[in-house]
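Here's the structure, in structure tokens; my notes come after.
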Amino acid sequence: MAGLLPVDEALARVLAGAQPLPEEWIAVGDCDGRVLTRDLVAGRSQPPDDVSSMDGYAVRAADLPGSLRVIGESAAGRGFAGSVSVGEAVRIFTGAPVPAGADAVVMQEDVGREGDRVVVTGGARPGKFIRRRGLDFTEGLTGLSAGTLMNPRRLALAAAMNHATVPVHRRPRVAILSTGDELVEPGTAPGPGQIVSSNALALAAVVRRAGGEPTLLGISPDRLDETLARVRLARSQGHDVLVTSGGASVGEYDLMQQVIATEGATLGFWKIAMRPGKPLMMADLGPMRLLGLPGNPVASFVCAILFLRPLLLRLAGRGDSADEAEEAVLGADVPANDLRADHLRATLAVRDGRLVATPFPVQDSSMIRVLAEAEALILRPPHAPAAMAGSPCRIIRLDS
Ligand code: AMP
Ligand code: MG
């Protein structure tokens, strides 16, 4: 089988020239999973004043121990306007500004209150129970840098720094097309010889998890005019990526080749040294990259994990968060591999502190049920020798 393209090489071709998409400004509350295009600088200091970290009394440390006159109250958002002089204290609550003159807070649990006086038996060092202005961040500080992948915690920081909108890479817009005369949508009664199309929905879910916006273009019969119409629709809608599934047999490849040639581009068609999922198509239709995955459900899914997901992560600015293979040990013996990189569907468990990947005994690439139960792919390089249960292996998680 000469002329098989190694998986790495295929991935390099799929990623070639792909750059993070342009910037857009979105509401800070919507930025989870997005990547910042610019540094975010604090527009204010937090806390904005010296504040109390306890409910208690603001005092002058030098007055302690002693009996102090309570001259007012400082609550969060409503500070005490006056100042604390010798022998005085101010009732204070967590997060409230420490009044002028006071330099420590005593906890309410540590004092006795008698009318307008408070008796403190212990001492306190200056600064006790006071959070200094700017402890968390100071105005002008770069709290989050360009390239940061936002998550709920970083979103909180952006909001606290007073950003209502944030600049992020645009999400990849991904059109998804199923091809095949035999396919019907889920919920339809299939006619003789027809099967229910499942690939497009799975691909859309993978796209969403990788930070993209999927659009389902339905099912195209294996006809030039129908396929061409849908490819043109995807182009006119301004998608960044068009993913097709099916249409990878030689006759259908001829069809795709005609479609792409009619659109003025060149179709790359490669047989990849991998199992499942040998054929892969790629073409650039202006700014839209077409990725043609095999129709076989497991092959289409594995190709989506190995090629589509990294492409989308790159476009979303998450280029280097692409799937990292992890170390595990085999939970069952595996035979020697041939010249195609194999991707064994497997379950994961932790035993004696080690991650154990156990391949399913049946690896037929048409079995969606086995794929559904799988948690990882065991990576078997070309020509890997037979390996026994307990020996090291590398895996990719399917749901990262
Ligand atoms: P193809 O690559 O078009 O030759 O398809 C290979 C196999 O995958 C055939 O058995 C198809 O029926 C099946 N297949 C193709 N497209 C889909 C799809 N969207 N959903 C589920 N199975 C599919
Ligand atoms: Mg087909």
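Every read-out reported here was derived from the displayed coordinates using simple, explicitly stated rules and does not represent laboratory data. Keep in mind it's a predicted model, so treat the numbers as computed, not measured. Backbone-built Cβ (ideal geometry, glycine too); neighbour counts: all protein chains shown.
The table below gives the values:
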item	result
Estimated distance in nm for a label pair at Ala386 and Leu233, the labels positioned 7 Å out from Cα along Cα-to-Cβ	5.2
Estimated vicinal HN-Hα couplings, Hz - the stretch 168-182 in sequence order (Karplus 6.51, -1.76, 1.60; Gly, Pro = x)	9, 5, 4, 6, x, 9, 10, 8, 10, 10, 8, 10, x, 4, 8
For peptides 270-279, 293-302, sequence by mean Cβ density within 10 Å, most packed first	293-302, 270-279
Residues Glu226 and Glu324, FRET efficiency given R0 of 35 Å [Cβ-Cβ distance, rounded to 0.05]	0.30
Under 12 Å, Cβ to Cβ, from Gln108 - net charge with Lys/Arg +1 and Asp/Glu -1	-1
Two-site label geometry, Glu9 and Ser53: point separation in nm, points 7 Å out along Cα→Cβ	6.0
Sparse-neighbourhood loop sites, trypsin sites (Lys or Arg not before Pro) in the stretch 168-240 - DSSP loop, at most 15 other Cβ within 10 angstrom	Arg223
Theoretical FRET efficiency, 1/(1+(r/R0)^6), r = Cβ-Cβ of Ala349 and Arg133, R0 56 Å, to 0.05	0.65
Beta bridges by DSSP in the stretch 51-131, antiparallel share as percent, to the nearest 5	80
Rg and Dmax of the stretch 7-159, Cα atoms only, in Å	24.0, 81
Gained length - Asp116 relative to Leu216, 0.36 nm times residue gap less alpha-carbon distance	28.9 nm
Cα→Cβ-extended label distance, 7 Å offset, between Gln257 and Arg78, nm	8.0
DSSP beta bridges in the chain [antiparallel fraction, %, rounded to 5]	65
Part-to-part distance (alpha-carbon centres) for the stretch 286-300 and the stretch 156-202, which is given in Å	13
³J(HN,Hα), Karplus 6.51/-1.76/1.60, whole Hz, each residue of the stretch 243-258, x for Gly, Pro	9, 10, 10, x, x, 10, 6, 4, x, 6, 4, 4, 4, 4, 4, 5
Burial ranking of peptide ranges 284-292, 99-107 (average Cβ count within 10 Å, highest at the top)	99-107, 284-292
Global geometry of the stretch 326-397, whether rounded, prolate or oblate, following the gyration tensor of its Cα atoms and the 1.5 cut on a/c	oblate
Estimated FRET transfer efficiency when R0 is 56 angstrom, pair Thr266-Leu141 (beta carbons, to 0.05)	0.65
The chain, Cα convex hull volume normalised per residue, Å³	202
Fraction of beta bridges assigned by DSSP in the stretch 188-344 that are antiparallel (%, nearest 5)	55
Other-chain or far-sequence residues with amide H under 5 Å of Ile272's (modelled H)	Leu5, Leu280
Under-5 Å amide H pairs with Gly218, H placed in peptide plane, nonlocal only	Ser178
Furthest towards positive pole of dipole, Ala89, Gly112, Gly66, structure part the stretch 51-131, Cβ charges	Ala89
